[in-house]
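Participant: To start, I am sharing the structure in question, which I have written as structure tokens.
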There are 2 protein chains.
Amino acid sequence: MQAEIITIGDELLIGQVIDTNSAFIAKHLNKIGISVYQITSVQDDKVHILKALKDAESNVDIIILTGGLGPTKDDITKKTIAEYFNDTLVQDISVLENIESIWKQYVRQTLLQVNKDQALVPSKATVLMNTVGTAPGMWLEKEDKTFISLPGVPFEMKALITNSVIPKLKDKYHCPFILHKTLLVYGLGESTLAARIETWEDALPEHIKLAYLPSLGKMRLRLSSKGFDRKKVEEEVQQQIDKVLPLIKKEFFGYEDEDGNEETVIANQLTKIGKSLAIAESCTGGKLAQLFTTHSGASQYLKGGVVTYSTQSKIDVLNIPKDVIDANSVVSAQVAEAMAQNVLKLYKSDIAVSTTGNAGPTKGDSNAEVGTVFIAIATKIGVYSEEFNFGNNRARVINKAVNKALEMLQKEIFKNR
Amino acid sequence: MQAEIITIGDELLIGQVIDTNSAFIAKHLNKIGISVYQITSVQDDKVHILKALKDAESNVDIIILTGGLGPTKDDITKKTIAEYFNDTLVQDISVLENIESIWKQYVRQTLLQVNKDQALVPSKATVLMNTVGTAPGMWLEKEDKTFISLPGVPFEMKALITNSVIPKLKDKYHCPFILHKTLLVYGLGESTLAARIETWEDALPEHIKLAYLPSLGKMRLRLSSKGFDRKKVEEEVQQQIDKVLPLIKKEFFGYEDEDGNEETVIANQLTKIGKSLAIAESCTGGKLAQLFTTHSGASQYLKGGVVTYSTQSKIDVLNIPKDVIDANSVVSAQVAEAMAQNVLKLYKSDIAVSTTGNAGPTKGDSNAEVGTVFIAIATKIGVYSEEFNFGNNRARVINKAVNKALEMLQKEIFKNR
């Protein structure tokens with residue numbers, strides 16, 4: 001069973017908005033055994049949308065569209081779908097009621113005709129009720145093909161995918177089970193890793209696919225398989241993992257979670273062992289704290305953090321002695337370690353991580369080369385740090401520092417497992 | 001002149017990786033007057049890649065591919081391009097030298113055959129030297145069409161786009177100037193805004209396109225035009241802006257910067273007026289600080305921030321009196337205002353913003369409903385706060401709180417302009 005995702009909107013084609021909808025939809029289709037054959041982004045243009053629909057219909061079984069369902073004049077998806085199905089738009093009473101109810105509860109302004117028009121749907125469509133917005137989802141069938149149109153607002157699209165689309169697709173199609181297991185591997189380049197596991201890779205059964213996903217500071221090794229017998233699929237993949245693990249014993253650091261977030265591996269372990277975390281950030285500027293607090297349950301282990309961006313704030317907020325800074329430079333092992341130790345005390349946490357460095361593009365309050373970053377880990381029994389140079393691209397320096405800090409945290413909290 | 005972007009990689013089709021390359025490429029093509037007709041993501045599959053190339057060739061002038069150029073077995077783009085061009089792969093000496101040099105400088109391990117093989121390119125291709133990685137870019141021509149193949153690693157792709165692809169495309173094609181101007185509008189829903197400016201919108205010249213881009217807490221109104229006479233294009237768009245601004249006088253808050261970042265509007269203004277900022281975050285967990293520190297020059301105005309996530313840390317780190325918390329709840333106007341005032345003092349800044357709220361999914365240390373957020377602004381002459389309810393989706397609550405905090409900051413620093 002194969003699907004194509006068509007995302008509609010000029011903002012995608014001029015690069016103003018990154019298409020995050022497709023990855024979300026693809027992930028959820030995959031979970032119920034539907035492969036995504038292609039993702040296509042097209043403009044708010046009738047001729048182009050009609051062509052994309054026709055191409056998709058000839059390639060796949062399920063076509064999911066997002067975008068172009070808003071109340072304004074640039075939103076033409078609904079009219080275009082009606083044309084594709086030789087259909088007309090009719091008012092759906094339940095959708096109109098939903099719009100009126102949302103308007104009454106949240107907007108509290110006069111309901112305009114353009115808003116009422118959002119209740120117009122192709123007569124052949126089954127409405128997928130959007131309980132968190134005014135643009136309805138639509139489900140249409142043409143012979144054995146299914147067409148699903150969803151709003152482009154990520155929040156509304158996600159609710160519809162989870163609550164309506166996935167359950168309905170599961171009902172309609174008999175799908176195989178798809179399994180992806182992703183191993184996190186630190187400290188090996190792509191080709192070195194490939195050479196190390198070559199014999200194992202060459203002996204992989206045809207139906208188990210392997211992919212190397214390089215990322216700043218780490219490699220992800222993804223095994224994928226599918227079949228109708230879930231237990232068999234899981235066992236076969238596990239057998240291969242059992243064979244490869246001894247080859248990367250030192251470099252393997254666990255499995256990536258479903259959403260690809262490494263910080264949740266750390267969060268889960270901290271919660272499990274009942275330890276708390278505090279964070280002192282200079283060059284990473286709050287990005288580490290933000291990563292952890294994105295996920296619910298952070299209050300189980302995260303005491304908090306400081307972003308001591310200016311040199312003076314390291315003195316005022318973290319009580320780093322001015323002479324330590326003067327003697328060693330603000331980008332130094334001594335300052336990183338003092339930051340970690342002092343934030344540990346300030347927040348009364350069990351473990352702390354700190355970053356100080358120069359992300360560039362120009363030198364700041366220190367003489368350190370652009371790209372130099374010190375990362376320290378403090379616990380109640382000690383402190384240590386490492387020095388890195390992450391190059392001269394600001395965004396890359398910050399991201400690499402965040403990844404390396406996560407790696408050092410992960411090593412620390414897993415070292416006694 | 002039209003282009004298609006083809007991104008290659010199973011990781012995109014299973015939703016493991018979000019395609020950020022396309023938006024970057026599209027934005028840069030747009031700047032030199034090349035429109036993107038379509039973005040297509042396909043699997044690491046020869047037949048599919050060949051089909052995508054053929055489709056693109058029939059639709060557009062320029063085809064840009066990313067991905068599938070790594071050293072491992074799942075990377076098949078290069079072989080597939082050679083097949084499409086009835087070509088063979090030959091070793092390029094300059095690429096081999098580049099690989100050896102990178103290896104010597106950064107990897108310091110034995111150069112393997114798979115790495116040397118990265119120097120193989122189709123004989124008809126012009127090499128685009130990748131100075132920051134081992135996979136070369138490739139430029140091929142077929143009659144009047146141009147095919148460009150780039151590595152999928154964003155950092156390497158970006159360097160090649162900026163340093164090689166854009167200059168070469170500018171040389172080859174005579175392109176029109178494309179202009180997008182995006183107005184930030186707060187406090188009006190999409191349809192209310194549309195009704196307000198309807199007469200103006202209906203009178204827009206045919207060649208000036210208007211788009212409504214709703215985002216949490218704000219609307220973006222984008223005007224687009226193109227032409228060979230840059231001055232004329234700019235003047236025409238400006239005339240339309242001059243006409244619409246009086247209609248949204250109270251709600252208009254400036255232009256979005258090129259990368260769509262609102263925080264840079266604030267950053268530039270703070271730098272300009274010589275005021276400094278400090279941030280105290282609870283429910284936004286570091287996201288506000290991180291937004292500002294993403295951009296270079298943050299040290300010009302940002303003193304730093306605290307992430308006082310736990311209730312105890314609000315007492316320990318920000319000196320919020322325990323009885324204020326007990327009397328009002330940790331999610332309250334009083335606590336938000338005390339956080340802003342105290343972080344202002346702690347960091348000796350001119351202005352401070354704070355957030356405290358419950359992002360959910362469960363109630364935390366307060367009885368506040370999930371979604372309740374208080375945001376406060378403190379200056380040396382006073383403090384004020386507002387209460388919001390941002391619904392019950394954690395990610396959405398955090399993002400809305402961040403947007404609202406930016407809006408309040410923006411209002412504060414622009415109010416005396």
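Participant: Relative to the longest principal axis of chain B, what angle (0 to 90°, nearest 10) does the C-alpha long axis of helix B:21-31 take?
Facilitator: Between helix and principal axis, roughly 90 degrees.
Participant: Where a Cα-Cα gap under 18 Å defines reach, which aspartates and glutamates qualify for A:Lys142, not counting those fewer than 8 residues away within the same chain?
Facilitator: A:Glu4, A:Asp55, A:Glu57, A:Asp61, A:Glu83, A:Asp87, A:Asp171
Participant: Still on this model: Return the calculated 222 nm mean residue ellipticity for chain A, to the nearest 500 deg cm²/dmol, obtained by summing -39500 (n - 2.57) across DSSP H runs with n ≥ 4 and dividing by the residue count.
Facilitator: Working: 17 runs with 159 residues, N = 417.
Dividing the helical sum by the residues of chain A leaves -11000 deg cm²/dmol.
Participant: How big is the accessible area of B:Leu50 in square angstrom, nearest 10, if you roll a 1.4 angstrom probe over the protein chains?
Facilitator: Solvent-accessible area, nearest 10 Å²: 40 Å².
Participant: Can you name the residue in chain A whose Cβ lies closest to the A-to-B rotation axis, and give that gap in whole Å?
Facilitator: It is A:Gly286, 2, counting Cβ atoms only.
Participant: Here is a follow-up. What share of Cα pairs, in percent, lie more than 32 angstrom apart in chain B?
Facilitator: Numbers: 45509 of 86736 pairs.
In whole percent, the long-distance tail amounts to 52.
Participant: Positive end of the charge dipole of the protein assembly as shown (Lys, Arg +1 and Asp, Glu -1 on Cβ, about the Cα centre): tell me which of B:Asn261, A:Ile208, A:Ile39 has its Cα farthest that way.
Facilitator: B:Asn261
Participant: Here is a follow-up. For A:Lys73, go 7 angstrom from Cα along the Cα-to-Cβ vector, then report the distances to that same point in the other copies in nm, smallest first.
Facilitator: Spelled out, the distances from A:Lys73's label point are 5.7 nm.
Participant: Additional query: What residue among B:Gln238, B:Gln341, B:Gln113 has the largest mean-square fluctuation in a Gaussian network model of chain B, using Cα springs under 10 Å?
Facilitator: B:Gln113
Participant: With a 1.4 Å probe and every protein chain left in place, work out the accessible area per residue of the protein assembly as shown in Å², rounded to a whole number. Show your work: numbers first, answer last.
Facilitator: Numbers: 34420 Å² over 834 residues.
Per residue, the protein assembly as shown has 41 Å² of solvent-accessible surface.
Participant: Pick out, from A:Gly364, B:Val121, A:Leu96, the residue whose Cα sits farthest towards the positive end of the charge dipole of the protein assembly as shown, with +1 on the Cβ of Lys and Arg and -1 on the Cβ of Asp and Glu.
Facilitator: So the residue we want is A:Gly364.
Participant: What is the Rg over Rh value, at two decimals, for region A:2-173, using alpha-carbon atoms and the Kirkwood definition of Rh? All intermediate terms of the calculation are to be shown ahead of the outcome.
Facilitator: Values: Rg = 15.2 Å, Rh = 16.1 Å.
Over the Cα atoms of region A:2-173, Rg/Rh equals 0.94.
Participant: Size of the dipole of region B:251-372 about the Cα centre, Lys and Arg at +1 and Asp and Glu at -1 on the beta carbon, nothing else charged, in debye to 20?
Facilitator: Values: 9 positive and 15 negative charges, 109 e Å.
I would put it at about 520 debye.
Participant: I'd like the FRET efficiency for A:Lys411 and B:Ile241, computed as 1/(1 + (r/R0)^6) with the beta carbon distance as r and R0 of 56 Å, rounded to 0.05.
Facilitator: 0.55
Participant: Ok, one more. Give me the percent of Cα-Cα pairs in region B:1-62 that sit more than 15 Å apart, rounded to a whole number.
Facilitator: Details: 965 of 1891 pairs.
That fraction is 51 percent.
Participant: I would also like to ask the following. Averaged over its residues, how many other protein chain Cβ atoms are within 10 Å of peptide B:115-123's Cβ atoms?
Facilitator: Neighbouring Cβ atoms belonging to other protein chains average 1 per residue here.
Participant: Which positions within region B:275-297 get 50 Å² or more of their accessible surface covered by the other protein chains, compared to the chain by itself, with a 1.4 angstrom probe?
Facilitator: The answer is B:Gln290, B:Thr293, B:Ser296 - residues whose exposure falls by at least 50 Å² when every protein chain is included.
Participant: Mind checking the log10 I(q)/I(0) for region B:177-256 at q = 0.17, 0.20, 0.24, 0.26 Å⁻¹? Debye, one equal scatterer per Cα, no solvent, two decimals.
Facilitator: -0.63, -0.86, -1.19, -1.36
Participant: Using only Cα atoms, what is the ratio of the radius of gyration of the protein assembly as shown to 2.2 N^0.38 Å? Walk me through the numbers before you get to the answer.
Facilitator: Numbers: Rg = 27.0 Å, N = 834, 2.2 N^0.38 = 28.3 Å.
Ratio of Cα Rg to 2.2 N^0.38 Å: 0.95.
Participant: For region A:156-180 and region A:398-416, what is the centre-to-centre distance using only Cα atoms, to the nearest Å?
Facilitator: Centre-to-centre (Cα) distance: 35 Å.
Participant: Give the separation of the Cα centroids, region B:50-80 to region A:295-362, in Å.
Facilitator: If you average the Cα positions of each part, the centres end up 46 Å apart.
Participant: May I pose another question? With +1 assigned to the C-beta of every Lys and Arg and -1 to the C-beta of every Asp and Glu, and no other charges, what is the dipole magnitude of the protein assembly as shown about the Cα centre in debye, to the nearest 20? It would help to have the intermediate numbers written out before the result.
Facilitator: On the way: 96 positive and 102 negative charges, 353 e Å.
Charge dipole, the protein assembly as shown, about its Cα centre: 1700 debye, nearest 20.
Participant: With the label 7 angstrom out along Cα to Cβ, how close does B:Pro246 come to the same site in each of the other copies, in nm, nearest first?
Facilitator: Inter-copy label distances (nm, one decimal, shortest first): 8.2.
Participant: Give the calculated FRET efficiency between A:Thr199 and A:Ile93 to the nearest 0.05, with a Förster radius of 60 Å applied to their Cβ-Cβ distance. The partial results should precede the final answer.
Facilitator: Numbers: r = 65 Å, r/R0 = 1.08.
After rounding, the FRET efficiency stands at 0.40.
Participant: Assigning unit charges at the beta carbon (Lys, Arg +1; Asp, Glu -1) and nothing else, what dipole magnitude in debye, to the nearest 20, does chain A show about its Cα centre?
Facilitator: 1000 debye
Participant: Separate question: Tell me the angle of helix A:46-59 to the major Cα principal axis of chain A, expressed in degrees between 0 and 90 and rounded to the nearest ten.
Facilitator: With rounding to tens, the tilt is 80 degrees.
Participant: Provide the buried accessible surface between chains A and B in square angstrom, both chains summed, 1.4 Å probe, rounded to the nearest 100.
Facilitator: Working: alone 20720 and 20720 Å², together 34420 Å².
When A and B are taken together, about 7000 Å² of accessible area is lost.
Participant: For chain B, build the charge dipole from Cβ charges (+1 Lys, Arg; -1 Asp, Glu) around the Cα centre, then report which of B:Ile273, B:Ala333, B:Leu245 sits farthest towards its positive end.
Facilitator: B:Ile273
The values are calculated or read from the model by the stated rules, or taken from the named source; none is laboratory data. All values derive from a computational prediction rather than experimental measurement. In this analysis, Cβ positions are derived from the backbone assuming ideal geometry, glycine residues included, and neighbour counts consider all displayed protein chains. To get the accessible areas, we keep the full protein, side chains included, count just its heavy atoms, and leave off ligands, DNA and RNA. Shrake-Rupley method; radii C 1.70, N 1.55, O 1.52, S 1.80 Å.
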